[in-house]
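The values are calculated or read from the model by the stated rules, or taken from the named source; none is laboratory data. What you see is a predicted model, and the numbers here were worked out from it, not measured in a lab. Glycine also receives a Cβ, built like all others from the backbone with ideal geometry; neighbour counts cover every protein chain displayed. Keep in mind that these areas ignore ligands, DNA and RNA; they rest on the heavy atoms of the full protein, side chains included. Shrake-Rupley method; radii C 1.70, N 1.55, O 1.52, S 1.80 Å.
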Amino acid sequence: MKGIEITGEHLTIEQVVSVARGGENVQISFEALNRVAEARAVVEDFVDNNRIVYGITTGFGKFSDVYISSEDAEDLQRNLLVSHACGVGASLPVDAVRAIMLLRANALLKGHSGIRPETLSLLVEMLNRQVHPVIPEKGSLGASGDLAPLAHMALVLIGEGEALFEGVILPGAEAMKRARLEPATLSSKEGLALINGTQVMTGIGVLAYWDAENLIKQADIVAAMTLEALEGIIDPFDARIHELRPHPGQLTTARNMVKILDGSGHVTHQGEKRVQDAYAIRCIPQIHGASKDALRYVRDKLEIEINAVTDNPLIFPETGDVISQGNFHGQPMALAFDFLAIAMSEIANVSERRLERLVNPSLSGLPGFLAKEGGLHSGFMIVQYSAASLVSENKVLAHPASVDSIPSSANQEDHVSMGTIGARKAAEIIGNAQHVLAMEWMAAGQAYDLKEMSDCAKSTQAGRDLLRSEVPFLEKDQVMYPLIQSASQFLAKAELLRTVEAQVGSLEL
């Protein structure tokens, strides 16, 4: 079986996306599985010798002082899963579930969690056979890890809960049966090893980040089209300016804008039509660039987290030590996802301001709301209205989740990260930003055709042609929402990015 080999050490964001959305199969490194077996031997030694070790021969959380005998170990593991599966709300999408399963398996392969190799192998086989547990999106505090949602994942592994298999939601046992898999009976420490970690927030966050990275490059393209449609000034993108304030994202955005607009007959120089453009045009490198720098920070944190051990307690087979600690705490990711949310909220914010400049005749010199017969037709009036709504919603969603905490488990877990809420909010904001950029793109395309622009840059011409393959020039009012959806889907699939890069080469983050 070909596919991605996981070792616990070298998983990449691109591989996570390939497994989550591309259905790539996963293989377990034999060497890594040996590490898992070594850690498991330590657990079994503790159980055989009746040693009191948290999470292995004790209860959990506030019940850490309750001794559990080896005779009750199996009941303890099942009880842990069923009692912790308290999620509510809509189910996470399949791509997020697959990312979660992959990340949990990769973390367990590090060999510090004490799971049996056969249990870990079963989790990976579920992923490969596309047995996707139904995981409600709400219910995690982000410390001790993502207990509730991961419990829903693990229930299916023991033949309980629910799973989506071949397009149908089934009881966990039935889904496993149809996939020709035998559910596991968990032994000491295994339930805790499966559910104590940050893989839900990280899985959701990886996919959100990936979408943000593709979208922010497309934001440069859409902004360039708006600048061209408004005959904006090219001088503020001169490399010499940005070298004097060399933030990486600012530099790359300025280079992208020059590359995208190369050869355009519709850009101007300062003083030709106006002395300067408004900030939403003139400051594109500074605004987009700041968000790109935030994305770089998020990527760095994700690359660490997807190859990290985040459960408790941790086992060190070389010394036999077992240490209770706090790697399950989601604070590093919570802050990163809040930063991602704020960064992408700003991309939507400035996009809506450029959209306003296109539809407002006092600012654009174009027909009001880009309608050929204003009054009889409303044109893009409510497109901007809808974009403004999304931007305002983002401002609410961008409030950081990580500044909140609430104690749980009888105050044993007295500070929590809310990182999973942060990841979900970031994903929602990115979806809203995608729609806003789609609306700006549509408006820029309408402006091009109203002005009958012909000598555009080859990349922006390619962008207009792609848009026109699904979204026509609006001679008169028509139902708008399917057109917005079509443009938005082009951005979701990064088709605008691929189309333009085919003309000018790779754009930079």
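For the chain, the fraction of 1.4 Å probe accessible surface lying on carbon and sulfur atoms is 51 percent. The magnitude of the dipole of region 83-227, with charges of +1 and -1 set on the Cβ of Lys/Arg and Asp/Glu and taken from the Cα centre, is near 280 debye. Anisotropy class assigned to region 351-396 is oblate, per the alpha carbon gyration tensor with a/c at or over the 1.5 cut-off and a/b no larger than b/c. Calculated accessible area for the chain comes out at 40 Å² per residue, all protein chains present (probe 1.4 Å; ligands, DNA, RNA ignored). Summing Cβ point charges (Lys, Arg +1; Asp, Glu -1) relative to the Cα centre of the chain gives a dipole of roughly 1040 debye.
Per-residue packing, averaged as other Cβ atoms within 10 Å, sorts the ranges 417-430, 86-99 into the order 417-430, 86-99, beginning with the highest. Working ranking of peptides 105-115, 11-21, 288-298 by packing, defined as the average number of other Cβ atoms within 10 Å per residue, highest first, is 105-115, 288-298, 11-21. Extent along the principal axes, Cα only, for region 40-97: 44, 25, 17 Å, with the longest axis given first.
R0 = 56 Å: FRET efficiency of Glu318 with Glu373, Cβ-based, nearest 0.05? E between Glu318 and Glu373, to the nearest 0.05, is 0.10. Assuming R0 = 30 Å, what is the FRET efficiency of Gln270 and Glu452, from their Cβ-Cβ distance, to the nearest 0.05? According to the calculation, E is roughly 0.75.
In the chain, Rg over Rh equals 1.06, where Rg is the alpha-carbon radius of gyration and Rh the Kirkwood radius from pairwise Cα distances. Does region 195-314 classify as rounded, prolate or oblate by the C-alpha gyration tensor (a ≥ b ≥ c root eigenvalues; a/c under 1.5 gives rounded; else a/b over b/c gives prolate, otherwise oblate)? Verdict is prolate for region 195-314. For the chain, adding -39500 (n - 2.57) for each run of n ≥ 4 DSSP H residues and dividing by the number of residues yields -18000 deg cm²/dmol at 222 nm.
Placing unit charges on each Cβ (+1 for Lys and Arg, -1 for Asp and Glu) gives region 276-357 a dipole about its Cα centre, and among Ala348, Gln276, Val298 the Cα reaching farthest toward its positive end belongs to Gln276.
Counting 0.36 nm for each residue step from Arg178 to Val82 and taking away their Cα separation leaves a gain of 32.3 nm. Each Cα pair under 8 Å and six or more residues apart adds its separation to the average, and for the chain the resulting relative contact order is 17 percent.
Calculated FRET efficiency, Glu495 to Ala41, Cβ-Cβ distance, R0 = 56 Å: about 0.65 to the nearest 0.05. For region 92-190, the gyration tensor built on C-alpha atoms gives an oblate shape. Its axis ratio a/c (a ≥ b ≥ c) is at least 1.5, and a/b is not larger than b/c.
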